[in-house]
Structures are given as structure tokens and as C-alpha cells.
1. Please find the FRET efficiency linking A:Asn328 to A:Ser36, where r is the Cβ-Cβ separation and R0 is fixed at 56 Å, and quote it to the nearest 0.05.
2. For the pair A:Ser343/A:Tyr135, report the inter-label distance in nm, with labels modelled 7 Å from Cα in the Cβ direction.
3. Test of the criteria: in segment B:194-262, which trypsin sites (Lys or Arg not before Pro) are in a DSSP loop and have at most 11 other Cβ atoms within 10 angstrom of their Cβ?
4. Once Rh for segment B:193-344 is found with the Kirkwood sum over Cα pairs, what is the Stokes-Einstein diffusion coefficient at 4 °C and 1.567 mPa s, in µm²/s?
5. Keeping the other protein chains in place, figure out the carbon and sulfur percent of the accessible area of the protein assembly as shown, with a 1.4 Å probe.
6. How crowded by other chains is B:74-85, given as the mean number of beta carbons from other chains within 10 Å of each beta carbon?
7. Note every residue of segment B:268-317 with a reduction of at least 10 square angstrom in accessible area, all protein chains present versus the isolated chain, computed with a 1.4 Å probe, or write none.
8. For A:Thr66, enumerate residues with amide H under 5 Å from its amide H, sequence gap 5+ or separate chain, H modeled in the peptide plane.
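The values are calculated or read from the model by the stated rules, or taken from the named source; none is laboratory data. What you see is a predicted model, and the numbers here were worked out from it, not measured in a lab. We place every Cβ from the backbone using ideal geometry, glycine too, and count neighbours over all the protein chains shown. Surface areas here come from the heavy atoms of the whole protein model, side chains and all, with no ligands, DNA or RNA. Shrake-Rupley method; radii C 1.70, N 1.55, O 1.52, S 1.80 Å.
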2 protein chains.
Amino acid sequence: MKKLKRVTIYDIAEKLNLNPSSVSRALNNGSNVSLSTRELILKTAEEMNYKVNSIAANLRTGHNQTIGVIVPRINQNFFANVIAGIEEVTYEKGYNLVICQSNESADREIKCVNTLANQHVSCIIISVSADFEDYAHLENIRKQGISLIQFDRVADELDTMKVVNDNEKVSMEAVCHMISEGYQRIALLEGPQNLSIFRQRKAGYLAALKKYKLPVIPELIMENAWTTELGAAATKHLLALAEPPDAIFASTSDFSALGVLEVADELGIQVPQQLGICGYSNESFTQITNPSITTIEQNSVLMGKTIAQLYFDELESGTSVAQNKLVNIQPELIIRNSTLKLSR
Amino acid sequence: MKKLKRVTIYDIAEKLNLNPSSVSRALNNGSNVSLSTRELILKTAEEMNYKVNSIAANLRTGHNQTIGVIVPRINQNFFANVIAGIEEVTYEKGYNLVICQSNESADREIKCVNTLANQHVSCIIISVSADFEDYAHLENIRKQGISLIQFDRVADELDTMKVVNDNEKVSMEAVCHMISEGYQRIALLEGPQNLSIFRQRKAGYLAALKKYKLPVIPELIMENAWTTELGAAATKHLLALAEPPDAIFASTSDFSALGVLEVADELGIQVPQQLGICGYSNESFTQITNPSITTIEQNSVLMGKTIAQLYFDELESGTSVAQNKLVNIQPELIIRNSTLKLSR
DNA sequence: TTGTATGCGTTATCAA
DNA sequence: TTGATAACGCATACAA
């Protein structure tokens with residue numbers, strides 16, 4: 001169908017009775033070519049509507065100004081923000097971004113990694129899927145000379161650059177805040193423990209209890225309350241206990257915190273007076289619920305910028321600096337009404 | 001730094017005392033190669049950890065299984081959803097997605113178009129930037145044999161495939177709904193009128209007034225109320241009028257509708273009894289505000305899928321079918337409490 | 001400053 | 001069924 005013949009440096013050379021190599025030189029660095037011919041070449045290239053064929057150039061030079069990004073879902077606030085941050089930096093550097101969704105599926109993640117490897121991208125930035133045990137596909141990447149940067153959900157055992165939130169510290173801060181507001185029996189909605197981010201959030205929760213010498217009560221720790229619905233279900237269960245919690249830290253997400261709030265409303269339980277709630281991620285809706293929800297801002301755009309910057313730093317430093325390097329992006333506790341028991 | 005020599009079909013051929021072309025055949029379609037040697041080749045390729053070099057393959061075949069996407073911002077709900085939809089389809093087809101942000105800047109949009117053109121992507125999917133008058137950069141694309149699909153914010157004058165919401169129809173529906181709930185003086189928060197989506201929404205508003213023979217009152221039509229803050233400012237102005245509106249259609253976004261709601265709260269104005277509010281986009285927060293906000297669901301993921309499907313349809317039909325083709329994705333009016341004057 | 005020649009890794013055409 | 005070879009468009013080392 002589309003057999004349009006594109007303009008090449010050959011065509012330009014022919015038209016000007018020059019050599020393709022001169023055209024190439026003029027178009028690129030401009031070195032070793034007289035000013036007059038250079039201008040002539042540039043002008044004719046423009047006139048003939050010439051566009052470089054980056055594919056050919058990449059094949060020749062062996063490197064590809066492209067970075068691959070693999071995330072579970074593109075249309076999730078946090079990931080969309082990280083990608084936007086990455087893009088901001090890569091754009092400045094003239095790099096392109098190839099985006100893939102793993103859809104939380106191991107199979108798909110492997111396929112994504114492979115296509116990116118085939119494309120010979122110079123770097124793969126990835127937040128791993130939830131259901132993973134074996135990271136051979138990622139080990140393999142490095143053998144092919146492709147940089148690898150993990151973020152957010154990282155596989156600790158892999159020796160790569162990592163950019164993460166300091167989940168533990170901020171989680172501890174959040175729970176300490178709740179304790180200092182007078183909450184005594186704080187429940188935890190936790191995420192899949194094979195992901196380090198959720199292990200860290202739990203660790204922060206435990207550290208806070210320890211600091212204040214509060215007992216760890218296993219029945220107050222609920223697994224896998226990701227969504228609004230699961231958060232609601234967990235809350236119903238918790239509030240039906242003989243000794244129900246007086247606060248809930250929804251460490252999985254603001255969506256599950258929303259589920260908590262909805263159930264509290266349903267049961268006529270006063271928030272924050274009878275039940276404190278803290279979420280995670282600072283979704284836009286947390287500031288307009290009633291009461292507004294205390295949560296954690298992950299600084300996701302900044303995280304994206306940092307990730308990209310890390311790659312270019314490594315690249316420009318010339319040598320494979322610190323393969324195993326951990327960068328912490330400091331998240332912030334955003335205190336809102338849902339945990340302000342004292343002040344109300 | 002990274003001078004890893006990658007395994008090529010040459011290496012495989014050498015090892016097996018075969019010819020590179022046989023290896024290529026075995027690896028690709030498998031035609032014209034005996035089963036035994038084919039299996040041998042596949043096995044050794046696996047063992048040697050061979051990965052195709054898609055760059056070389058693309059250069060040779062002349063086509064690139066890559067689609068470029070340009071949006072104003074990646075981290076905006078609507079666009080993130082459209083991209084997710086596109087990705088779902090392109091992934092199935094084995095195509096890659098290169099993503100760029102124009103950041104609402106004309107300059108940047110042109111640069112994005114150019115890099116994608118240089119990469120010889122087979123298709124560019126774009127939602128144009130707000131501040132545009134001249135579309136030469138897009139005209140140019142087609143001259144290079146690259147398909148062009150516009151979505152959402154489209155340049156009418158360009159003869160391309162377009163996928164849009166039926167903004168006018170649903171806007172009319174929304175305003176009719178408000179009128180039938182008893183609102184009489186309905187204000188409009190409108191977006192930049194050089195973008196057709198905003199012209200259409202306004203047209204829907206005007207059509208509804210006309211249908212019910214209500215007068216068009218210029219002082220009730222406010223320009224450029226994009227954000228929560230601008231929506232709030234416009235609302236303050238409107239409510240301070242001698243004859244203030246009894247409803248506001250925030251056709252720009254739910255964020256501006258949120259601004260309206262906040263000001264109403266501030267001034268102690270009852271929603272929906274004294275003031276009706278309708279937003280646009282069905283952001284997740286609209287269902288949990290108090291009252292919940294009537295809005296319009298744009299079916300953005302479906303839109304993304306449709307766009308990608310359109311490209312592959314054109315591709316597979318073999319011939320450049322309908323260059324100028326308009327597909328309407330039906331948005332839906334979501335009626336919530338903020339406009340239910342009668343029922344309350 | 002310019003031209004010549006070669007190769008990047010593949011696929012496609014032709015011959016064996 | 002297999003092998004030899006050219007070509008995709010460009011960049012670069014080297015020669016002129």
C-alpha cells in the first residue's frame with residue numbers, strides 16, 4: 001500500500017553532485033565540511049523534505065536513543081505520574097520512551113521485556129508485576145548490555161539500580177501520628193507480602209507499635225485489601241470483632257481507605273472520633289471526602305524524574321558506576337481530618 | 001562502556017556450519033527449511049541466548065511495528081485511559097507504542113511529530129495541543145506514508161481519521177436533563193473555543209436552550225474555566241450577578257465543577273436545591289463528593305481500543321480505505337445528586 | 001575539505 | 001532444501 005519512496009541522503013547528494021558522506025557530515029555534527037556546502041546541504045534537505053531514518057542511524061551506530069518502561073497499568077495515577085516524570089527528562093535528552101503494560105501478569109511482563117530487548121533499547125525501567133517468583137527474564141537483560149532500573153515495586157534480590165519510596169519510614173510516621181492522636185488499637189490493611197513495598201509498609205506499622213510499646217494483635221492485620229470493595233469487606237470484619245480497632249491504616253491504597261470510610265458511614269461510626277483512617281497515595285479524592293482522609297503523598301512525578309536522571313548520570317559518567325544503587329524518594333504524610341481525634 | 005557483543009544469526013550459522021540465510025528462514029516463517037535443521041537452529045539460538053535485532057530487521061523490511069502517540073499530558077485520567085486502551089490492542093498485534101507529551105505546547109508537539117517521523121513509525125495517534133493555528137507539521141506526516149489518526153481534540157480541517165466523543169449530543173442531553181429538573185438560568189463554563197471539543201459542548205448547551213425556548217444570556221457564559229481554581233473564580237463572579245444562575249454546566253472538566261461546588265459550600269448555597277452542577281469526565285471523585293456530581297463518562301478506554309482497531313482495520317484492508325473517517329464514541333450522562341432538584 | 005569504501009544485522013532474490 | 005549475495009540508509013575510518 002504505502003510504497004512512498006522516502007528522501008535519503010543519497011538523493012540529496014545526487015541532486016547536489018556531492019557525496020553522501022558529505023551530506024551525512026553536514027547534517028550531523030557539521031565538522032569537516034565547508035560552511036558554504038553545509039548551508040547548501042541543509043537548505044536542500046529542508047526543501048526536499050528530508051527526514052533522517054533513525055532506524056538506519058541506530059543500526060549503524062549500534063545505540064538506540066530509546067528507553068523502555070514497563071508498568072503494571074498505565075492508567076493508574078501513580079504510574080501515570082511516574083511516566084510523566086520520566087518523559088520530562090528523557091525528552092530533554094532527546095530520548096524516546098516505549099511504554100508497555102504488564103497488566104500484573106508474569107507472562108506479559110516477560111513478553112514486554114523481550115520485545116524491548118529485541119528493540120535494543122538502552123535502558124529498561126520497570127516496576128515488577130505482583131505475581132512473580134523468578135526473575136530470570138530480568139537477569140537476562142543485563143547480559144545484553146541493557147541498563148536496568150527498578151522502581152517502586154522492586155525485586156530486592158536483583159542487583160540493579162532501584163528507586164523507591166521510603167515506605168517504612170513514612171508508614172511508621174503515619175502510625176505514630178495516629179497513636180499520638182490517642183488511637184490504641186490500630187488495624188492494618190496490608191498488601192501482598194511478596195512485594196517489598198508492602199512488606200516495608202507493614203514493617204513501619206510494626207515499628208510504630210513497638211516504639212510506643214503497643215501489642216501486635218494478629219487479628220487486626222488483614223491481608224490483601226487492595227480495592228474499595230476489599231477494603232470495605234475487611235472493615236466489616238474488623239468492626240465485628242469482640243474488640244474492634246479504633247483506627248485503620250489502609251496501607252494498600254486510598255481506595256481501600258475509601259472502603260473503610262464507606263463502611264463506617266454505613267454503620268454510623270464517627271470518623272475520626274470513633275475510628276481513625278489513614279490511606280496511601282494521596283489520590284485527588286482524599287481531600288474532598290467527608291471527612292478528608294489522611295494519606296501519604298508519594299511524590300511520583302519526582303520519582304520519575306529521578307529515575308531518568310539516574311540513567312543519564314550513569315551513562316554520562318561513562319562507566320557502569322553503581323549497578324546496585326538505592327535511591328529513596330521521600331514520601332510525605334498528609335494529615336487530614338480522618339485522623340484528627342484530639343483536635344476535634 | 002557497554003561493548004557487549006550480541007549474538008547474531010551469523011554466530012549461530014557459524015556454530016552450526018550453516019548459512020545465515022537459513023538461520024533467518026528458520027527463525028522467521030520456517031518455510032523452505034527442513035524440520036530437522038529448523039529445530040536444531042531454534043535450539044541453538046535459545047542456548048546462545050539469541051535475540052533478534054528488530055532495528056536491523058526493520059531497516060531491511062522497511063516497516064516498523066511501532067505506533068507513536070502524542071498527548072498533551074500522560075498523567076491526565078482521560079489520556080492515560082485512552083493510552084491504556086490503545087496499548088491493549090497494539091500489544092495483541094505485536095506492535096510497540098512510543099509515547100510523547102506535547103505539554104500543551106505547539107513547539108513541543110512539532111518536535112514530537114518529527115522524532116516519530118524520523119523513527120518511521122507506521123502510525124501517529126494524536127490529540128492536538130490547545131494553542132494551534134497551523135497544522136503543516138501534521139500535513140507533512142502523510143506525505144511520508146505515515147498514517148495519522150486524531151482523537152478527542154481534533155483539527156477539523158485536516159483530512160484524517162478521527163475518533164471523538166459525541167460531545168454535542170451528550171452536552172445537550174445534560175442541559176436538557178437540568179432543564180427538566182426545573183433549572184431555568186443555566187450558566188456555562190466553556191473551554192478554549194479553538195478546540196472543537198469545546199465548541200461542540202457549547203453547541204450542545206445552546207441547542208438545549210433552544211429546544212426549550214430559553215434565552216441565551218451572554219453574561220452566564222464564562223470563558224476558560226479549566227481548573228478547580230478557575231471554576232471557583234468563575235462561580236464567584238456568576239453568583240454575584242444581579243440575576244445569578246440557578247445551575248452551572250462545567251463543560252470543561254469535573255475539576256472546575258468541583259470548584260463550583262466548593263464555592264457553593266463556602267457561600268452556604270444548597271446543591272442541588274438552589275444550584276445545580278454538572279461536570280465533565282466522570283473523574284473518580286465525582287461520586288464521593290457531597291452531593292455527588294452529575295457528569296459525563298467519556299468511555300476513554302473504549303476510545304483507545306477503537307482508535308487502535310481503526311488503524312489495524314485500515315492496514316489489513318490493504319488499501320488506504322477511508323482517510324477521512326469519523327468515529328463517534330458515545331459518551332454517557334451520569335446523573336447524580338448535584339442536579340436532582342425535583343427528586344430531593 | 002571532500003570522496004571512497006565498508007559494515008551495522010537482517011531479509012529477500014537468485015542460483016545451486 | 002540450502003547457499004551466496006545484494007540491499008535497506010546511514011556513519012565513519014581512511015584515502016585523496
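1. Once rounded, the FRET efficiency stands at 0.50.
2. Simple spin-label model gives 4.0 nm for this pair.
3. B:Lys213
4. Approximately 76 µm²/s, per Stokes-Einstein.
5. 50 percent
6. Per-residue shielding by partner chains comes out at 6.
7. With the partner chains in place, segment B:268-317 has these residues losing at least 10 Å²: B:Ser284, B:Phe285, B:Ile288, B:Thr289, B:Asn290, B:Glu314, B:Leu315.
8. Distant-sequence amide H within range of A:Thr66: A:Asn96, A:Ser122.
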